[in-house]
Each structure stands twice: as C-alpha cells, then as structure tokens.
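Just below is one structure, and these are the notes that go with it.
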2 protein chains.
Amino acid sequence: MAYFDAASAAPLHPVARQALLAALDDGWADPARLYREGRKARMLLDAAREAAAEAVGCRADELVFTPSGTRAVHTGVAGALAGRRRVGRHLIVSAVEHSSVLHSAEVFEAEGGSVTQVPVHRTGAVSPSGYAAALRTDTALAVLQSANHEVGTAQPVAEVAEVCRAAGVPLLVDAAQSLGWGPVEGGWSLLAASAHKWGGPSGVGLLVVRKRVRFAAQGPADERESGRAPGFENIPAVVAAVASLRAVRAEAAQESVRLRELTERIRARVPRLVPEVEVVGDPEHRLPGIVTFSCLYVDGETLLHELDREGFAVSSGSSCTSSTLTPSHVLKAMGVLSEGNVRVSLPPGTAEEDVERFLAVLPGVVAGVRDKLGAPAAETSAAPEPAVLVVDALGKRCPIPVIELAKAFPGVPVGGTVRVLSDDEAARLDIPAWCEMRGQEYVGEEPADGGTAYLVRRLD
Amino acid sequence: MAYFDAASAAPLHPVARQALLAALDDGWADPARLYREGRKARMLLDAAREAAAEAVGCRADELVFTPSGTRAVHTGVAGALAGRRRVGRHLIVSAVEHSSVLHSAEVFEAEGGSVTQVPVHRTGAVSPSGYAAALRTDTALAVLQSANHEVGTAQPVAEVAEVCRAAGVPLLVDAAQSLGWGPVEGGWSLLAASAHKWGGPSGVGLLVVRKRVRFAAQGPADERESGRAPGFENIPAVVAAVASLRAVRAEAAQESVRLRELTERIRARVPRLVPEVEVVGDPEHRLPGIVTFSCLYVDGETLLHELDREGFAVSSGSSCTSSTLTPSHVLKAMGVLSEGNVRVSLPPGTAEEDVERFLAVLPGVVAGVRDKLGAPAAETSAAPEPAVLVVDALGKRCPIPVIELAKAFPGVPVGGTVRVLSDDEAARLDIPAWCEMRGQEYVGEEPADGGTAYLVRRLD
C-alpha cells in the first residue's frame, strides 16, 4: 500500500515509537506529585517543552501541550478573543482555514461576535492587503494558516503578521501542515499545531501564546499546563511527539527537496496523462509534499475506491466524499473545480517508484470511472445532436450535472445558451469551473423549479 | 519503589501496553477516510467502543471517547446543563467531588447559574436525602461521584439516581475511581471516567450520555465522536484503554478481596502503631484499594518526602502539599483532620510485603517528622507550665499552630480556655479536629489582629 495522505495523518515516526515506549515506563505518573515517579514524569515533560519551544522558536513558558491540534486552535482562538474582549468582538479568518478555525468562528458569531472571511486568489493564497482591508478598530484577533491543508499553498504569514502588528492585532497561525518542515517566520502572536501531522502520535497538539498577548482561557481550567489545557498530561505521547518533531526537522532540508521533486512530477505529468484535469494550488509557494488536482466528469468517492483498490491511499475534497454533501470550502473559495478531486500528500520517505506507479495507473483509473458514468470522451468530436437548450439534472449528484452538460454541449450552436437545472450544491462550483476550463462563458445562475438553473453560453 | 498512588494514576497495564503497540501499527490513520488504513482504524475504534459500552453497561452509540476524564466531566456537565437550559439553571454537586466537577460548577456560577453543594457525613458519604433536599424545580443537573478519590468512600449512587429520576433530573456520575472495579449500578443518566485510573494510557476518558438525556455539546464541534469530542481520534490509546479495562475487570473480583484485606490491615494497624492518628473515610462502604489517615503534628510535605526516601509513593490532601495552600476540600467537607494527611491507594497486584514494610517504617518516619517540628511527645505528662492563655502562631504554617496549641495545653487549667492566634487557613480545620480527637471543647473562632483567634476549652 502506498500511503499518500500524510496531510491527514502521518504514520508514526520510528523515533516517536521508540520515545513513546521509553516514556510509557518513565512518564506515566502524575507530574504534580512529589515522589520519584512524579518527579521523573515532570522532568520528561519539562524537557519535552523545552525541545518543542526550541523547534517552534518561542519560550518554554509560552508553550502548552493540548490533546490535539483541533483543541489547540479552539483554545487559542477562544482565549485570545476573550483576552481582548474590551477591544472589540471582531475576528478575521481566511476563507480557506481548517474546519477547526471555521467552527471556532461559527461559535463566536453565534455568541454575537462578527467574523470577516478574507478571500483567496485562485492559487489558494490570501493577500496581505486582504487582511489590511479586513482590519477594524474592534478587531480582537486575526487567524491565518501557514499553509493550506488541501492544496498545499503557502500563505504570506510574515507579511500578514506585519500588517496585524502595525494595527496592534494579534495573529494566530495554524501551523498544523508546516511545523514539521520548519519554524513559522514573522511576528505572529499565537501558534497552534498537531503532532500526528509530523509523525508524532495522536493525542498531542501544541498551543503557543506569546508573553505580550492578552489571553483568557475559557471554560473550566485546572492548574495543569498553565491553566490552558485541563486534564492529566499525556506525557508519553508528548515525549514521542517532540522526539518526532526533532527527527523530521533533522531530515527536513533534504527531504523537502526530494518530495518537492516528486510532487512536481505529478503536477507536470498528470495534465498530460489525464485529459480534462485541473491541477490546483500555487505551483511555487507550496508545501513540499502536497499536490492536488481535479478531474472533470469523475465522482470523487468512486475514484478514491478505485485508487485504494490499486493500492493508493489518497484524500479528496470532492463533495461526493463528504458526509455533508457540500464541496470542500477550500476549493470553493479558490473558485476551482471540485469534482473528481484528489489530494496527494506524500509522507517523508515516499519511494520514487510508488509515485511512478501512481502516475502509471491514474489514467486508466480515471478513464474507467468516466466510462462507468457515461462521461463524454475527451477531445472527440461527437456528431451534433439536435439542439438541447435545457439539461435537466435535477435529483442527480455530482459529477452527473457536469457530465450531462458536456454531453449536451456539442448540440448547442455557437452563441447559443444552455440551461442546466440542478439541485446539487456542487454544481454551483463545478459548472463555472467547467466553463473556465473549456473556454466557454458562464452567464450566471437563477432560481428554477426544484433547484437552480445555471446558464452557459457557447463561445466556440 | 512501592507505588501506592494508584488513585492518581495507575501504571500502564501489560495488556494495555501490548494493545497500544499493536494499534500504533493499525490505528494511526484517519478513521473518516475511505482507504484501507482508514477502514482499519475505523474498525478498531468501533470495536473499542462496543467493548467499552459493554463494560459500562450502555449502548455503543451512547459512549464517546474524550482526551481525559477531566474533559469528559467538563463536556458532560456543560452539555447536560445546556441541554436543559429551558428547565432552569440550577446544578447540584456534592461537596467532595473531584476538582473537574467543582471547576465546571464555578464556570457555571460565573455565567449566572446557581449551584448547591450537598454536604457529606464525617465518613465522606452523601445522603440521598441531601440530594432530595437540594432538588428544585429549576434543577438542570445533579452530579455525584461513584466513590471518593481522596478517602475511598463509596457513594449511594443508585439511591441518589432514584431520587433524581423521581424528580426528572438527570444524574451525572463521575466514575473515575470505580469503573475498573465494576459497572456503576442504578439509573444514572450520564457517566464520566478516566482510563489512566484503571491502567490504561493517559489521553483517554469516556463520556456516556443516555439516549433519553437532552444534551447540547458546547464550544466548537466537528463530526468526530458524535460531535461531542472534537479533534482527531486517539485510536491507539483508546484501544489500549479498553483492553486494560477488560483486563482489570477480569481480575476485579479476586483482586478486590485481596486489596481490601491489605487496606484493612493499614486501617486497623496504623492507629495502634502511630499515636495521634485519625483514619478517615467509611470503613465498610469503600473502594478496595484506598485508605487515608491524618497524623497530628505532622507536615504533609515533609512526610511525603520521608516516605519517598523510604521507597513509598503516596499522596496527601494536606494543605502543606498543595500549591494553593488550602487544605483538601474533601477533608474539609468531612470535618476531619487534614494535617499530616496520607492517602495510600494500592494498584492491583500490590505485594503484601510492600504493605508490611510500609507499616514497619511508618511509625519511625512520623516520629522523625514530629521530632524535627518539636511536636509534643504523645501520652507524656509534661510538667505543667505557667498558665498560657494566648498561643501566638501568627505567620506560622500548618502544622505549627496545632503543635503550639498542644504544647501549651498542659498549662491550661481544666475549665480554662486557650486562644490560638493563626493566619493559616488550615488551622480552621485542624484545631476543631484536634479538639475532637483529644476530647476537648472547641468553642469557636473570632477575628483577631492579623488573623483569627480559635478558642479551645480544656475539659479534662
């Protein structure tokens, strides 16, 4: 099995496994106790905190361990907002943040706060000027990821931090995807991360709050982890997490060059091997191991199953794989195609042969899925059918509406308009994306009986 | 080293260690993913949930895993209170709950809720009638531990659950100390527990919410763990926790008899071996492995250090060992002596020889600490000193005020009164307790310059 979903969870690093085993013997006791076992546990915890702080580039007393990256984000956002309640109740996030940030923002809005989402370019990156425009006198906090989890695009964190600093607003950086590759540059104020993204065990996140930042932890607290992460410390996992962080950092310079070359191969060759594909995300400013593309006329869930059958574990931001039946908010915010979406995220140590084998099987797998769905063959010139001005795709799920559109399109005269009726949320994203890929004009949408009508004008 | 602090954290059970190692290989991936690794992780998580539910005596879909017992309590209390917000904003807890419950109650009070603390008997047990008296028409939730963590007293959970059921109020049981010994009896509505108390790893708690209970999880949520415990699931630790629960349950019947006999030895022999000792907690209705006693004229921290030096890891609820410098709220609520407090909590498998060795060294250790502090020798009849009516112990920390009282007491004529001046919070608890142990009359307290005056009348 080739595991290409490191952005979800990396397998446990061998160094982490070793450290975990050792710490299970020495670090299980309560570090608040006075006896030998307690003191041993305390020493392990203190040493792990020092090492983690060094890797992050902060003081040890600014860093606490949390039960997950998600909890670090929740605690960090809530604490920073509460700490600056008197300044105001306005929060800035980017449109492509991790769901833990967006869920925090939803709760804040439900409690009467206001939230501004900063839009992104088609590459997935925000502009520092977007944050500058969003800042208000009552802004309590701004949040930005260091790099995007779905498309790998690196964000201009240092520039955004400078914009925020000039306005006196703290910036929380969600460094979940990048901390294993290096410290986050720039004058950020808070930072959250997750150990199982860098080969540490599950159950460990970290939250850094710079000394100068006003912070008021919310909810019941206790005396552990500076009152910021209640509950018995998970010291064996913390020790393993930090050991893993140091190990991946030691390999980062070399491994990032190697993985970047492997993902570059995928970026360059997939569009040549598979017709009707859009590779998304910034081609330059990106994480080394992530590459994401979307295949027209393909159902994400079937594609994932077929790739799994061929021995590849990948992820998808397609609507078809999500329990909520809406397409990935990241792809949506970028305005790129979401159907048939595949995220390849290579763990350190990925073998070149596995990537080559992936490139070898992908075209056949995509063709097979398209075949099953009755998608139009690429670059064929189908005989013109009688003019079809309305495509009724009501009740049909992604990617069927776009497939129906493509099948009907050859029958539309140049200059003519086709009206696609759909009640699938993904169509709102995928029909405009299809137009952009095909050089046709997306006219707009309007309400229709039982759904929405999407209007497309044929340009050539 | 004899580790006698299982009520804080039990060492990892060998079965848990084995299960953890296996699950690190098979359970590290995201259980929400469609590929093989994800499905394996999901199967492990589902199987662990089934097994945990069977051990608790609930349905699998009523049980979620949390990052700790503390978080299970926080989530359970907040969610149950919010779910019944329309009924009212009144919470009932016992006075001897774990700090995670009391911290939840504090937050609730700060948000405008009202809290009733049900008092306990001198044994540490509540009365069902105490809960009945506390119930109001606006009571949203009642909380009761299954057994006390400091003195081992078992609580009448089934009776209290019945009282609550009759009033239509859900009861949350904190089963942290007892779940390893068996399921909690009675018609409780919610249950919280912590794996590292039964030999599981840190990082795993569990929260059960019965289907019929109105529950609204608070704070940002995601789709994991039924929306009740956000963040990536810690499957290896969950698997290990449940394996350990099954293992300790299999040994529970036999081991509880053995540990009960060992703690009974300590209960019976410590008062004979060490003068001026009070054994606290219910002698019958109690956990098998916990026994707690307090030694007059002894400083808890020094005692712990000396016992550690002799190779014994025990815990203490004395003021002198706490960072907050107030005595244990449990001992305070029971109205028993807190100074020189020692909690012995034996892990399963404790060797008889270790207990015998503890009983052999304890008298010398206590005598040594008393000697160093200049405590009055027990049962000596010191020559009457000139009448001292005021003992000035201002600025002196526990146990010095009681030692000064005891030293001055022989000089007080029968029927006479001594006035102890103290600014140490522990004196409020320990001077009345001393009076009770010595058969003298505690008259009361009154404000005094720089502290409080405690009045004691000599009866014989």
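The values are calculated or read from the model by the stated rules, or taken from the named source; none is laboratory data. All values reported here derive from a predicted model rather than from experimental measurement. So basically every Cβ, Gly included, is an ideal-geometry build from the backbone, and we count neighbours across all protein chains shown. The area values use the complete protein model at the heavy-atom level, side chains included, leaving out ligands, DNA and RNA. Shrake-Rupley method; radii C 1.70, N 1.55, O 1.52, S 1.80 Å.
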For this session: State yes or no: is A:Glu255 in a helix (DSSP H, G or I), in the same structural domain as A:Ala132 (by TED's automatic domain parsing) and acidic (Asp, Glu)?
Result: no
For this session: Find all pairs meeting these conditions: Cβ atoms under 7 angstrom apart; at least six residues apart or on different chains; first residue within segment A:65-93 and more than 8 Å from chain B (Cβ to nearest Cβ) and part of a loop (DSSP other than H, G, I, E, B); second residue surrounded by fewer than 24 Cβ atoms within 10 Å (Cβ to Cβ) and of a type in the set (Asp, Glu).
Result: A:Val87/A:Asp138; A:Gly88/A:Asp138; A:Arg89/A:Asp138
For this session: Evaluate the following for B:Ser94: is it out of contact with any His (no Cβ under 9 Å at 6 or more places or on another chain) and outside the structural domain of B:Arg260 (by TED's automatic domain parsing)?
Result: yes
Exercise. Are any of the residues in segment B:102-113 part of a strand (DSSP E or B), farther than 18 Å from B:Arg212 by Cβ and within 14 Å of another protein chain (Cβ to nearest Cβ)?
Worked result: no
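Would you call A:Tyr442 open to solvent by less than 20 Å² (accessible area, probe 1.4 Å) and either part of a strand (DSSP E or B) or farther than 28 Å from A:Leu304 by Cα (or both)?
The answer is no for A:Tyr442.
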Problem set entry | Filtered residue count, segment B:114-127, keeping only those that are in contact with a Gly (Cβ under 7 Å, 6 or more places away or on another chain), assigned to a loop (DSSP other than H, G, I, E, B) and either buried (at least 23 other Cβ atoms within 10 Å of the Cβ) or at positive phi (or both) | 1
For this session: Would you please list the contacts, defined by Cβ atoms under 6 Å and residues six or more apart or on different chains, that run from a residue in segment B:339-354 that is of a type in the set (Lys, Arg) to a residue that is open to solvent by less than 20 Å² (accessible area, probe 1.4 Å)?
Result: B:Arg343/B:Thr292; B:Arg343/B:Ser315
For this session: Please work out which one of (1) facing chain A (nearest Cβ under 9 Å); (2) buried (at least 24 other Cβ atoms within 10 Å of the Cβ) is the condition B:Ala7 fails and give its number.
Result: (1)
Seminar exercise, completed: Taking segment B:276-293 and keeping residues over 15 Å from the mean Cα position of the chain (by Cα) and not in a loop (DSSP other than H, G, I, E, B) leaves B:Val277, B:Glu278, B:Val279
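Which residue out of B:Ala176, B:Ala158 is in a loop (DSSP other than H, G, I, E, B) and modelled with pLDDT of 95 or more? Lay out the reasoning, then the answer.
Details: B:Ala158 fails: in a loop (DSSP other than H, G, I, E, B).
Sole residue among the options that is in a loop (DSSP other than H, G, I, E, B) and modelled with pLDDT of 95 or more: B:Ala176.
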Exercise. Which condition number in (1) within 28 Å of B:Asp222 (Cα to Cα); (2) in contact (Cβ under 8 Å) with a residue 24 or more places away in the chain; (3) among the aliphatic types (A, V, I, L, M); (4) open to solvent by 20 Å² or more (accessible area, probe 1.4 Å) is the one that A:Ala167 fails?
Worked result: (1)
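For every residue, the table says whether it meets (1) on the phi < 0 side of the Ramachandran plot; (2) touching a helix residue (DSSP H, G or I) at 6+ places or on another chain (Cβ under 6 Å); (3) in a loop (DSSP other than H, G, I, E, B).
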{"site": "B:Ser129", "(1), (2), (3)": "yes, no, no"}
{"site": "B:Thr137", "(1), (2), (3)": "yes, no, yes"}
{"site": "B:Leu144", "(1), (2), (3)": "yes, yes, no"}
{"site": "B:His149", "(1), (2), (3)": "yes, no, yes"}
{"site": "B:Arg165", "(1), (2), (3)": "yes, no, no"}
{"site": "B:Ala192", "(1), (2), (3)": "yes, yes, no"}
For this session: Consider B:Glu223 carefully, then state whether it is charged (D, E, K, R), more than 14 Å from every other protein chain (Cβ to nearest Cβ) and open to solvent by 40 Å² or more (accessible area, probe 1.4 Å).
Result: no
Exercise. Taking the stated definitions as given, is A:Thr153 in the same structural domain as A:Leu20 (by TED's automatic domain parsing), polar (S, T, N, Q), open to solvent by less than 40 Å² (accessible area, probe 1.4 Å) and farther than 23 Å from B:Glu233 by Cα?
Worked result: yes
Seminar exercise, completed: Just one listed residue, out of A:Ala32, A:Ala72, A:Ala10, is at pLDDT below 95, within 22 Å of the chain's Cα centre (by Cα) and of a type in the set (Gly, Ala, Ser), and it is A:Ala10
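Hey, any hits in segment B:251-262 for a residue that's out of contact with any Pro (no Cβ under 7 Å at 6 or more places or on another chain), more than 30 Å from A:Lys197 (Cα to Cα), within 11 Å of another protein chain (Cβ to nearest Cβ) and open to solvent by 10 Å² or more (accessible area, probe 1.4 Å)?
We begin by selecting, within segment B:251-262, every residue out of contact with any Pro (no Cβ under 7 Å at 6 or more places or on another chain); these are B:252-254, B:257-258, B:261-262.
Still in the list and also more than 30 Å from A:Lys197 (Cα to Cα): B:252-254, B:257-258, B:261-262.
Imposing the further condition that a residue be within 11 Å of another protein chain (Cβ to nearest Cβ) reduces the set to none.
Within segment B:251-262, not a single residue is out of contact with any Pro (no Cβ under 7 Å at 6 or more places or on another chain), more than 30 Å from A:Lys197 (Cα to Cα), within 11 Å of another protein chain (Cβ to nearest Cβ) and open to solvent by 10 Å² or more (accessible area, probe 1.4 Å).
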Problem set entry | Conditions (1) within 23 Å of A:Val143 (Cβ to Cβ); (2) surrounded by fewer than 24 Cβ atoms within 10 Å (Cβ to Cβ); number of the one not met by A:Leu287 | (2)
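Yes or no, residue by residue, for (1) under 28 Å from B:Phe409 (Cβ atoms); (2) not β-branched (Val, Ile, Thr):
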{"residue": "B:Leu273", "(1), (2)": "yes, yes"}
{"residue": "B:Pro283", "(1), (2)": "no, yes"}
{"residue": "B:Arg286", "(1), (2)": "no, yes"}
{"residue": "B:Val291", "(1), (2)": "no, no"}
{"residue": "B:Leu303", "(1), (2)": "yes, yes"}
